[in-house]
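Quick notes on the structure that follows.
The values are calculated or read from the model by the stated rules, or taken from the named source; none is laboratory data. Note that the coordinates shown come from a computational prediction; the quantities given were computed from them, not determined experimentally. Every residue, glycine among them, receives a Cβ derived from its backbone with ideal geometry; neighbour counts consider all protein chains shown. Ligands, DNA and RNA are excluded from the accessible area calculation, which covers all protein heavy atoms including side chains. Shrake-Rupley method; radii C 1.70, N 1.55, O 1.52, S 1.80 Å.
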Amino acid sequence: HHYTLSPKERDTLVRVGWTYEGVGWLSAPHDEGVAVWRQYNPNAIAGAHNFSTSMAEHVALCQVGWRGEGIAWYGVR
């Protein structure tokens, strides 16, 4: 099965001119991989997302204004 991180996000970006290039990678099943947390910086002009396997980094960024977006995917160990 192929899944996108967010079909809504993908479709919104395509509507504003981005090109959808298909699946970029596949990740591990949740019970076999390591959680990769996603954060969004609402104040950034570009490069607004951060991805981290560190829960401490995720929490620290959220405490200084980044928006926690939960687990993005599970990486291969």
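A few notes on this one:
- Here the dipole of segment 1-76 is about 260 debye; that uses its Cα centre as origin and unit charges on the Cβ of Lys and Arg (positive) and Asp and Glu (negative).
- Counting only the Cα atoms, the chain fills a convex hull of 105 Å³ per residue.
- Positive-end extreme of charge dipole, the chain - chosen from PRO29, SER54, THR12 (charges on Cβ): THR12
- Label-point gap, in nm, between GLU32 and GLN63 - each point 7 angstrom along Cα→Cβ: 3.6 nm
- LEU13-ASN41 FRET efficiency (beta carbon distance; Förster radius 25 Å; 0.05 resolution): 0.90
- A 1.4 Å probe run over the protein chains yields, for segment 2-77, 75 Å² of accessible area per residue, whole-number rounding.
- The GluC sites (Glu not before Pro) found in segment 15-77 that occupy coil by DSSP, while having at most 12 further C-beta atoms within 10 Å, are GLU21, GLU32.
- With every protein chain in place, the chain: carbon and sulfur % of accessible area (1.4 Å): 55 percent
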